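Nothing in this text is a laboratory measurement; each read-out follows from the coordinates by a stated rule. Remember, predicted model here, so these are calculated numbers, not experimental data. Reconstructed Cβ throughout: ideal geometry from the backbone, glycine too, with neighbour counts over all protein chains shown.
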Amino acid sequence: MSVVIKYIETIEELSKSKNLHSGKIVDFTKEILEKSCDTLGCERSNAWLLNREGDILKCIMAYSKDSNSFESIADLNKKELPKYFKHLMRNEIIISNDAQSELVNAELLENYLKANNITSMIDVPLRSEGNMIGVICFEHVRAARKWNNEEKKYTQSLAQLLSLALETKEKNEYRNKLERIIEEKEVLISEVNHRVKNNMAVILSLLNLQKTKAQDEFHSGLFEGIKDKVYSMSMVQELLHASENVNSIDFREYMHNLVMNLNNSYGKEREVSIDLELENVILDVAKAIPCGLIANEVLTNSFKYAFNEKNLFPELTVSLKKDGERIKLIFSDNGGGFDSNKVNDGMGLDLIIGLADQVDGEIQIEISNGVKISLSVNCT
């Protein structure tokens, strides 16, 4: 087998490493250093990372073929090796066929090259987005050797693989950090929703208490209306707290609960026939609250004005459907209707229209054999 083919096979094998694709730097560095010594026929190899300030090279791992061992050796400091760092910062491969006699290595001569009997060396920069982030070194001991072009290309390929592993590690760390931030944010939002829910429960209790002090039906009715509005908003918080999703709610469940609550409040003396045609709709909180308030106003009007003593068989139909990118919420009752030119202030049509404008919704009102009010809202 030719040396070039062996180089290619080693690169292919390393490129399939699980440690590369998972960003396990130490383990992948060990793979590269050990295999590079085998294929290049050199005795030592090591990899280094540059700190953010660019003045210290920290050893990821060093390998010795003679002892078949790995170790992490001492940092290299720019203050002690200014000329060597200057050459490295050029972001170019450094070829040292006679390492101990070349000026670029003069600062390494006594304490490193001679101490380890290193005669020839290749230093290849590790790069990320064009910037130097470290260096990988291949060192030959005892007899000097001249590095050929194929060896230079091979070592550069190894450096590219290690650079890729470093980028993968950084991306994984960034992704994990984002996931932690998102998780913490969701916990915080959930806690806020829980506290809002509890605060609304307190407000409802206070309204009930104040309602008992009302001296006439008019003021008692005002408290009841406010209480219903607060309850419609508190149900959103209730569903948010019960759900894993802190941004949207199941609007079908919301509408079912709202209708049942208002029926318990206003329909006790009348048996109202209720037909619910509710499809599965998930609605963003920012739209769910105004839509819920609209539903509360419309339904309250039906219970208060449509289902009076004259209506012997009161009927209420509520439909919730998704139509493409929009939802349609339709309320129908069989009451006596009303004159749109002489609307009772208590019916809250101004509030309904204002809330619809908040969510860019469309309101349609039909008065024929009762009242039919349709709300269309973009659900995205």
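Listed by number, the DSSP H helices of the chain that run 20 Å or longer by alpha-carbon position along their axis and have mean Kyte hydropathy of at least 0.0 are 25-40, 285-301. Based on Cα atoms of the range 246-378, Rg over Rh with Rh as the Kirkwood radius reads 0.95.
P(r) tail for the range 3-171: Cα pairs beyond 30 Å make up 10% of the total.
Loop only by DSSP, 12 or fewer other Cβ within 10 Å of the Cβ. Give me the trypsin sites (Lys or Arg not before Pro) in the range 244-336 that pass, ordered by residue number.
Answer in residue order: Lys268, Lys310.
Computed over the Cα atoms of the range 66-135, the ratio of the radius of gyration to the Kirkwood radius (Rg/Rh) comes to 0.97. Here each label is just a point 7 Å from Cα along the line to Cβ, and for Leu178 and Asn111 those points are 4.2 nm apart.
Take the Kirkwood radius over Cα pairs of the chain, plug it into Stokes-Einstein at 37 °C and 0.692 mPa s, and you get 121 µm²/s for translational diffusion. Which of Glu238, Glu217, Glu31 moves most in a GNM of the chain, Cα contacts under 10 Å? Comparing Glu238, Glu217, Glu31 in the GNM, the peak value goes to Glu217.
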